[in-house]
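Asker: After the structure tokens below, expect a handful of questions from me.
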Amino acid sequence: QVQLVESGGGLVQPGGSLRLSCVVSGSIFSIDDMDWYRQAPGKQRELVASFSSGDLVNYVESVKGRFTISRDNARNTVSLQMNRLKPEDTAVYYCHADGLIDDKGRYWNIWGQGTQVTVSS
């Protein structure tokens, strides 16, 4: 069974930093895209940062220069370093993997359970 397990959320003051991590558990053959999404109360889920299998990285405009996504293919992990956090960054952050092929050749498009990030003084 393939699962995404996130960690690293919490409460931080404006201007502070947090690092989110996501580990893909299970027997994996390959993964295309690994992404971070977020959903604030009353808002739609939005793509925050993506890291493709071709090493293409993209960010939503509001986090450019503050957030950095990184990926370790050997460990099947993706991380999101968040600096200079703002109250508007408050949301539940979700890890997402698309185009995941497990050792049985099955295709997965899978989400983590989400981790709360709260930016408040």
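Asker: Pop a pseudo-label 7 angstrom from the Cα along the beta-carbon direction at both ASN109 and LEU56 and give the gap in nm to one decimal.
Answerer: 1.7 nm
Asker: Give me the one-decimal nm value for the distance between modelled label points at GLN39 and GLN13, 7 Å along each residue's Cα-to-Cβ direction.
Answerer: That separation, rounded to one decimal, is 3.2 nm.
Asker: Using +1 at the Cβ of each Lys and Arg and -1 at the Cβ of each Asp and Glu in the chain, identify which of LEU56, SER25, SER120 lies farthest towards the dipole's positive end.
Answerer: SER120
Asker: Taking LYS104 as the anchor, which aspartates and glutamates have their alpha carbon closer than 20 Å to its alpha carbon, excluding any fewer than eight residues away along the same chain?
Answerer: Within the straight-line limit of under 20 Å, LYS104 reaches these aspartates and glutamates: ASP32, ASP33.
Asker: Just need the relative contact order of the chain here, percent rounded to a whole number, with Cα pairs under 8 Å and 6+ apart.
Answerer: 36 percent
Asker: Additional query: Please list 3J(HN,Hα) in residue order for segment 99-106, calculated via the Karplus relation 6.51 cos²θ - 1.76 cosθ + 1.60 where θ = phi - 60°; whole Hz, with x for glycine and proline.
Answerer: x, 8, 10, 8, 6, 9, x, 7
Asker: While we're looking at this one, here's another question. Give the residues of segment 5-45 whose amide nitrogen is closer than 14 Å to a point set 7 Å from the Cα of GLN81 in the direction of its Cβ.
Answerer: Residues 17-21 fall inside that zone.
Asker: Go through segment 85-96 residue by residue and turn each phi into a ³J(HN,Hα) via Karplus (6.51, -1.76, 1.60, θ = phi - 60°); whole Hz please, and just put x for glycine and proline.
Answerer: Going residue by residue, I get 5, 10, x, 6, 7, 4, 4, 8, 9, 10, 8, 9 Hz, with x marking Gly and Pro.
Asker: Let me ask something else about it. At THR68 and GLU88, where each label point lies 7 Å from the Cα along Cα→Cβ, what is the point-to-point distance in nanometres?
Answerer: A separation of 2.4 nm, rounded to one decimal place.
Asker: Pull up the cross-link candidates among the lysines for LYS86, meaning alpha carbon to alpha carbon under 21 Å and not fewer than 8 places away within one chain.
Answerer: Reachable lysines: LYS43, LYS64.
Asker: What ranking of GLU88, GLU46 comes out by heavy-atom accessible area, probe 1.4 Å, highest first?
Answerer: Of GLU88, GLU46, the descending order of accessible area is GLU88, GLU46.
The values are calculated or read from the model by the stated rules, or taken from the named source; none is laboratory data. What you see is a predicted model, and the numbers here were worked out from it, not measured in a lab. Don't worry about glycine lacking a Cβ; one is built from the backbone with ideal geometry, like all the others, and counts go over all protein chains shown. Note: areas computed on protein heavy atoms with side chains; ligands, DNA, RNA excluded. Shrake-Rupley method; radii C 1.70, N 1.55, O 1.52, S 1.80 Å.
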